[in-house]
Structures are given as C-alpha cells and as structure tokens.
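Note sheet for the following structure.
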Amino acid sequence: MPELPGGPMAKRPLHFIFIADCSGSMMGDKIQSLNFAIDEAIPAMRSAASENPNAEVFVKALKFSSGATWHISAATPVESFTWTKLEAGGVTDMGKAMGLLAEQLKTPPMPERGLPPVLVLLSDGMPTDDFSSGLRQLMEQQWAKRAVRIAIAIGQDANHDVLQKFIGNVEFKPLQANNSPDLVNFIRWASTAVLKAASAPSSKPKSDGKGGAYVDIPTPPAKAENEESVW
Amino acid sequence: MRLQNTRHRWYAVGNSVRGASHIRSGAENQDDFMILPQEGIGEYVVATLSDGHGDAKCFRSKTGSRFAVETATSELIKFIEGPLQNEHISVISREAQESLVSRIHKEWQNKISEDQEKNKFTDEEISRLEKSKGAAAVKAVNSNPFLAYGATLSAVLVSQEYIVYLQIGDGEIIMVPEDGPPERPIPVDERLFGNETTSLSGKNAVGDFRVYFQSIYGPAPALIFLCSDGYSNAYQTDESLFQAGTDILGLVKSKGIEVLETNLNSWLKDTTEKFTGDDTTLVVLVREDLANIKDSDKPEDATDEHKETGSSSPSPAMEHNASDDETASKNVAPEKVDDDEGAVEKGNQAGKPTEGEKTDNTNATEDKDKAIETEVSNKVIEVGVTEEAIDSDKADKGNETNGDKTTDSNPVSKKGWFKSFLGTVYA
C-alpha cells in the first residue's frame, strides 16, 4: 500500500504552560506548597493526557520575580516532564512575564495547527511593573486568544483584578487558594480536568467568547473543608 | 461568448471514516460528503463535504451535515444545468458570487424546518443538553433551532469553462494546477482558529461564506481535493498538507484512479487512529486524461447511440456517507463527449480563440447540446422519470440550440427529474 500522502503528520500538540510568581512574598510555605503541588500533579497529568491518545501534551514553565525567565523552556512531552523546584525572592514583574509568554506563543515556535494551549497563572500579589502593556502584547497573539487561561490567587493579598484581566472572561473567576490543600487541589484540577477538556475540544460555531470560551472549562473543585486560611 | 478550452472529464473519489475518538466515546460520524458526476453524464463534477459540529448544543449535526451536502449538491447541479449555462461567463460568475450561497443556505434551513415539523427536539435531547451545558444552552437551541444542526460546508463545481469553490467553516479545499504548486483557491479564514468555526447555523452564515469563481483559461487544474479538518489537522504545516495533493496526483498518474479506490479508506483510518482522532473525510477530483488508464479499463463513449447508459451502476457515485464507520471509495468515470478543439486563454492572454475556432464553437455547442440531450435521456431512463418530463426536457434543449434565450419553459420537469434522481438514490 502506498504510504500516506503528504508531508509529516503528527498528533495534535497541546502546550500547557505554568506561569509562576516567585516574588519575595512567596517565600516559605507558599513556594514550598507550589513546588509540591506541581510535582504531585504530574502523574495525574500524565494519566489525563493518556486518555486522549490523539493529543500530544507538552509542558513548559515560566517564572517571574525581578524580571521574568523561562524555568523550563523546552516544550517537554508530559511523559518525560519532571518539576525543578522554584526559589522565591525579588519583586513581581508580571508584565514582563506576559511579554515573554507572548514571544513563545508566536508561530513559530508554536505550530500552525494544534489544540488550544492551557496557560495557568499563579500569583500572590500585585504586579510591580507594567502589567497592562505586557498583557496587551500577549493578547495580540492568536494562540493566546484561543488559549484556556486559568488564574490561581495564592493568599488573600493576590490582586484579583489583574488575574481576571488575564483570564479575560467574566464567566470564570480566579481560584482563591488560602492554604496548601487548596493550592494542591486547584493545580491538580488545572493539570487534569482542564487539560482533558482542552485536549479533546468539540468543534463549535464561532462565538464572541473570550478566553476559555472556546473550550468547555469544567467546574473547579470546592475549597478544602475544615482547613484554615493561613495565607 | 463562451471560452474555448480543451475538454476534460473528471474522476471523483471520496471516503469518510468515523473518528477514533468518536469510536471510543460512542459518538457517530458527523462528517458527510456527496459526489455528483452522474453515471452517463459527462464533463462536470460536483463535490460537497460537510462537518457537523461536535459541541453539545449541536446534537443533530449529523443530520445538519447530510442536509448541507444534499442542498449544496442540488443547487450546484441546478446552477450548471439551468438557464445560466448559455449566459456569458461574467453573468455566471456574478450569479455564483451573489446568489448561489443564499439559495444553498435557504434550502438548508428549509430542510431543517421540515425536519423540525416531523421530528421536534425530544425530551431526551433537551435534558441531555441541560445536564451537560445548562439551561442557557437549552435556551440558545430553542431560540435558534438551526444551532442543533450546525455544520460546515465545502463545495466544488468543476465544469469545462469554470470552477466554483465555496466554503463556510473549517476544512480545506486544495487545488493542484497542471503545472505549478498546490494552492488554496479560497485563502485561510483568519476568523477560524483552534476549535471554533464559522457555521451554516451562524446568524451571519450567508455573509460568512467565501466563494471563488475561477474561469478556466488554458489547462484546467490537474486535481482538487476537499477534506474535513479531521484530515488536514494531521499535517503539521501547510506545506505538508499541500504535498498530499502533489503526492496523490503522482500516484494517480502512475497507478491510475484505482489507487485511490483501493487506499483512500485505509489512509483515512490511519490518519484518525494515529493522529487526529476526528471524523476524517477526503474527496479527490482528478482530470481523467492525467490518470494512468489501461485501454481495457477505459469507459465507453456515451454519445455512441448504440451504447448502454453509463459505465457502471449509478448508485455508488451518488451515495453519500451513509454509515457511521466508512464508505467504499467511489470511482466515477464521466462519459466522453466530442472534444471541442480550441486554444484557451490563461491569465497572460496567450492563445486567444481565432475566428475559425469561434465558428467551430457554434458547431461544438450544437454537438454538446445533442450529447447532453442524449445523456439526459439515458439518465432519465435510468431513474424512471416519466415520459412527459423527458419530452419537456428535449423541447427545452431544442429551444436553446436554436438560440432561444427564454428560460426553461417547464421548470417543473427539470426539478422533478432531478428530485426523482435523488429520490432513487436515497430511497
């Protein structure tokens, strides 16, 4: 039988990106919980990804404090993804993080075709740089517009306004994590339920939806019961 | 004035495979397609393809995609066979771009309205939607029932003098010229990205359609293919996708059209199982003269009055995707009509028809009309339309041959004939 006509074929790529606040206020319990939560979510993430064998999930991570840099810059297949612990210190250059993310959501390096990316922003505070400019830069990218954008507020000092602007859809609010179990649950939910929804999206008539409306985002978990709000 | 082109016949082959992910989830194949080179009728081809939306609100999209290919095919056949065929090419072009899409969309909506009359949304359909998407989704569907039937549509009509391409929603139409790289006749729709698509069910559907009318000056394209995004999404780049057109053409040139009949189904299965997981549909139109045909396999000339109608049984060419799994590849060999020799212009104004060729054109037009009349009669006999319809058709053809520009004096007979034809196929 003649082989399949055409050039290289591939499963549909899905890029999952953590955007993590490593500012000084994250020192101690918060950054430890964040590291634990992401590390602990990886097996479940792999399991969720395997439920759709026609999608190929790649994971990256970006960190920001004083400036922004890629923590895990290579798009790593989820099967081989491992977490390197983050350290905290510095200010909160969330705007620079948005700009850096925008560069990586251009095509290339993003593919011409693929599944909606999942962007998970985690922050405990207020941006100390020009967040609006960075966000504007990000939202000029087609892949950013079509991405599922989730935001998790760590502690009660997190700025919900900027997180809501990142989400860009009034139907979805930032998730509020006031303790370690909540953070673990929310990161697990983003890494599994949201990943599954993004990896097998149903085609739908075009709407005016923004941010996440292209994918049916599942209901997030409830906050952990009987847990004290310590952050 | 009619263009002078080398006459070609067109093969048409298509196949559709249920998505691997749909097999896992129990969902049905929501793609559909239809091919209409008709057995016994020659040199024009209609290919239509539709992808029903997978969103929970679009719970009747399989029906929606079937209606889409039926209405588009019907309207395109009326377009090529109706009174326009004797008009100037500029008139045909304007008609294609201004009103054809509206008619297709309106007829699609009419079919849905009829379906709603007979099959209103069931309690089960509504409660399933409410459970998965909530009351707002139910409200949306009740206020716009077309939403439940939402689907895309890609369609191509290839004739001797022009090609009409039209598209709404995702999927691809790729054209491979005889001499040149593959291209998209209709550019990428920037509004489409990720899993969102423009749709027949959209409020601005007619405006969302894109139409390209290509007058054929010089060599006609070698190959055109249409596919759903379940096929095209497997390719990482446009270049990879375009290469599929080049590769398929090369295979047909070296091995004949049979290579598609034999392999299309397995190619599509591989594509969905190994790559996209989605319903996967591909329809290929190839110029017969470019296919490697053994003499013994050449279809008979339908203009020979002693010959039987058509070269094979009609139904495989006409049936659209009827199962959730797969359909057989369809190979259609349109019948040969007398060649109309004449130089043809292409873009750079080379090879303008001479006075001699223009005269030949008049004779060729009469020959063509005679051939069509013969073919129509044969086809009518095939599907058992009444004699009244046949006589009426012949009378109309006679008027047109004599230069009578009056419109079809008995439109009912032509419509009746065509509906009977479709009715026979889909019964």
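The values are calculated or read from the model by the stated rules, or taken from the named source; none is laboratory data. On a predicted model such as this, the values are computed, not experimentally measured, just so you know. Ideal geometry is used to build each Cβ from the backbone, glycine not excepted, and the neighbour counts take in all protein chains shown. Note: accessible area is taken over every heavy atom of the protein model, side chains too, but ligands, DNA and RNA are not part of it. Shrake-Rupley method; radii C 1.70, N 1.55, O 1.52, S 1.80 Å.
Structure above, values below:
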read-out: Label point 7 Å beyond Cα of residue A:169 along Cβ direction - residues of the stretch A:142-159 with amide nitrogen under 18 Å; value: A:142-153
read-out: Gain in span if fully extended, residue A:27 to residue A:126, counting 0.36 nm per residue against the direct Cα distance; value: 34.1 nm
read-out: About the Cα centre, charge dipole magnitude for the stretch B:110-208 (Lys/Arg +1, Asp/Glu -1 at Cβ), debye; value: 620
read-out: Interface size B-A, as summed buried accessible area [1.4 Å probe, Å², nearest 100]; value: 3500
read-out: Estimated FRET transfer efficiency (residue B:189, residue A:84; beta-carbon r; R0 56 Å; 0.05); value: 0.85
read-out: Segments A:123-130, A:184-191, B:113-120 sorted - mean Cβ within 10 Å per residue, highest first; value: A:184-191, A:123-130, B:113-120
read-out: Carbon and sulfur %, accessible surface of the stretch A:64-145 computed with the full protein complex present, 1.4 Å; value: 52
read-out: Separation in nanometres of the label points that stand 7 Å from Cα toward Cβ, at residue A:106 and residue B:27; value: 3.5
read-out: Distance violations [Cα-Cα > 26 Å] among A:63/B:133; B:111/B:139; A:196/B:111; B:203/B:269; B:62/B:120; value: A:63/B:133; A:196/B:111; B:203/B:269
read-out: The stretch B:47-86, accessible area per residue, ligands and nucleic acids excluded (1.4 Å, Å²); value: 20
read-out: Peptide A:7-17, shielding by other chains (average Cβ, 10 Å cutoff); value: 5
read-out: Residues of the stretch A:187-207 buried by at least 20 Å² on assembly (accessible area, 1.4 Å probe, chain alone as reference); value: A:202, A:203, A:204, A:205, A:206
read-out: Spread of Cα-to-Cα distances over 5 Å intervals beginning at zero, given as percent, for the stretch B:55-210; value: 2, 8, 17, 19, 17, 14, 10, 6, 4, 2, 1, 0
read-out: Protein-protein interface of the stretch A:54-90, residues with accessible area decrease of at least 10 Å², isolated chain reference, 1.4 Å probe; value: A:54
read-out: Apportionment of accessible area to carbon and sulfur, the stretch B:88-189, percent (1.4 Å); value: 48
read-out: Residue mean of other protein chain beta carbons inside 10 Å, B:237-250; value: 4
read-out: Heavy-atom accessible area per residue - chain A, 1.4 Å, Å²; value: 40
read-out: Modelled FRET efficiency - R0 22 Å, residue B:86 with residue B:6, Cβ distances, 0.05 increments; value: 0.60
read-out: Difference of contour (0.36 nm per residue) and Cα-Cα distance, residue A:76 to residue A:219; value: 48.8 nm
read-out: Residue A:156-residue B:123 FRET efficiency (beta carbon distance; Förster radius 41 Å; 0.05 resolution); value: 0.30
